[in-house]
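Visitor: Starting off with a structure, shown below.
The values are calculated or read from the model by the stated rules, or taken from the named source; none is laboratory data. Quantities reported herein were computed from a predicted structural model and do not represent experimental measurements. So basically every Cβ, Gly included, is an ideal-geometry build from the backbone, and we count neighbours across all protein chains shown. Please note that ligands, DNA and RNA were not included when accessible areas were found on the heavy atoms of the full protein model with its side chains. Shrake-Rupley method; radii C 1.70, N 1.55, O 1.52, S 1.80 Å.
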Amino acid sequence: MPPFKTRFRVSWVDTDAAGIVHFSNYFKYFEKAEEELYRTLKFNFESIAEKYGVILPRVEAWCRYKSPLRFNDLVEIEVSVRELKEKAVKYWFKVCNKRNGQLAAEGYIVAVAADKNLGKAVKIPEEIAEKLRAYMET
């Protein structure tokens, strides 16, 4: 299956005084794309916590910036699963500026499944892992 893709426009609030998206917002964009992926899979972070007693805290994040995004640029983010382990998932993101076709950034987030009450790492629920496998990089 190809990577999951979602699109949105850069908001004014995401830009700095130079009119360029502040670097920290790329991590918000990553999570926004991840949230849309889960919505497509018929999950959300709240339902995962309620149904399975599992939360997905981030334990690692990285981003390489390639070209700037500006207010009102149309952004497309590709999400794929780079690694899926028993207790952790590594999502890979590519942020493309659809206005000029340039890669704006790429990076990853590693999330670990944790018991919502104890905070200890647990196995990713199989129903979720099964659906994420469809987005594994090949």
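Visitor: Return yes or no: is Glu46 of a type in the set (D, E, K, R), surrounded by 19 or more Cβ atoms within 10 Å (Cβ to Cβ), out of contact with any Pro (no Cβ under 6 Å at 6 or more places or on another chain) and under 19 Å from Glu127 (Cβ atoms)?
Guide: On the way: of a type in the set (D, E, K, R): yes; surrounded by 19 or more Cβ atoms within 10 Å (Cβ to Cβ): no; out of contact with any Pro (no Cβ under 6 Å at 6 or more places or on another chain): yes; under 19 Å from Glu127 (Cβ atoms): yes.
No, not satisfied.
Visitor: Taking region 39-68 only, how many residues are farther than 13 Å from Tyr91 by Cα, among the small types (Gly, Ala, Ser) and not in a helix (DSSP H, G or I)?
Guide: Count: 2.
Visitor: Right, another one. Within region 79-98, which residues are of a type outside the set (A, V, I, L, M), over 27 Å from Val122 (Cα atoms) and buried (at least 16 other Cβ atoms within 10 Å of the Cβ)? Spell out how you get there, then give the answer.
Guide: Of all residues in region 79-98, those of a type outside the set (A, V, I, L, M) come to 80, 82-83, 85-87, 90-94, 96-98.
Going one step further and asking which of them are over 27 Å from Val122 (Cα atoms), we end up with 94, 96-98.
If the condition is that a residue be of a type outside the set (A, V, I, L, M), over 27 Å from Val122 (Cα atoms) and buried (at least 16 other Cβ atoms within 10 Å of the Cβ), then Lys94, Cys96, Asn97 are the ones that fit.
Visitor: What are the residue pairs meeting all of these: first residue in region 32-60, first residue free of Cβ contacts under 8 Å to residues at least 24 places away in the same chain and within 18 Å of Lys87 (Cα to Cα), second residue surrounded by fewer than 14 Cβ atoms within 10 Å (Cβ to Cβ) and of a type outside the set (D, E, K, R), Cβ atoms under 9 Å, and 6 or more apart or on different chains?
Guide: Tyr38/Asn44; Tyr38/Ser47
Visitor: Does region 119-138 hold any residues that are open to solvent by less than 60 Å² (accessible area, probe 1.4 Å) and among the hydroxyl-bearing types (Ser, Thr, Tyr), and which are they?
Guide: Of everything in region 119-138, just one residue is open to solvent by less than 60 Å² (accessible area, probe 1.4 Å) and among the hydroxyl-bearing types (Ser, Thr, Tyr), namely Tyr135.
Visitor: Could you tell me whether any residue of region 8-19 is part of a loop (DSSP other than H, G, I, E, B) and closer than 20 Å to Lys123 by Cβ? If you could, list the steps in order and put the result at the bottom.
Guide: Of all residues in region 8-19, those part of a loop (DSSP other than H, G, I, E, B) come to 10-11, 16-19.
Narrowing further to those that are closer than 20 Å to Lys123 by Cβ: none.
So far as region 8-19 goes, no, none of its residues is part of a loop (DSSP other than H, G, I, E, B) and closer than 20 Å to Lys123 by Cβ.
Visitor: Give the residues of region 20-38 that are in a helix (DSSP H, G or I) and hydrophobic (A, V, I, L, M, F, W, C), sorted by residue number. Steps first, please.
Guide: Filtering region 20-38 down to residues in a helix (DSSP H, G or I) leaves 25-38.
Of everything in region 20-38, those that are in a helix (DSSP H, G or I) and hydrophobic (A, V, I, L, M, F, W, C) turn out to be Phe27, Phe30, Ala33, Leu37.
Visitor: Restricting the search to region 99-118, which residues are in contact (Cβ under 8 Å) with a residue 60 or more places away in the chain, assigned to a loop (DSSP other than H, G, I, E, B) and either within 15 Å of the chain's Cα centre (by Cα) or exposed (fewer than 13 other Cβ atoms within 10 Å of the Cβ) (or both)?
Guide: Passing the criteria: only Asn117.
Visitor: Return the total of residues in region 1-19 being without any contact (Cβ under 8 Å) to a residue 60 or more places away in the chain and either basic (Lys, Arg) or buried (at least 18 other Cβ atoms within 10 Å of the Cβ) (or both).
Guide: Matching residues across region 1-19 total 2.
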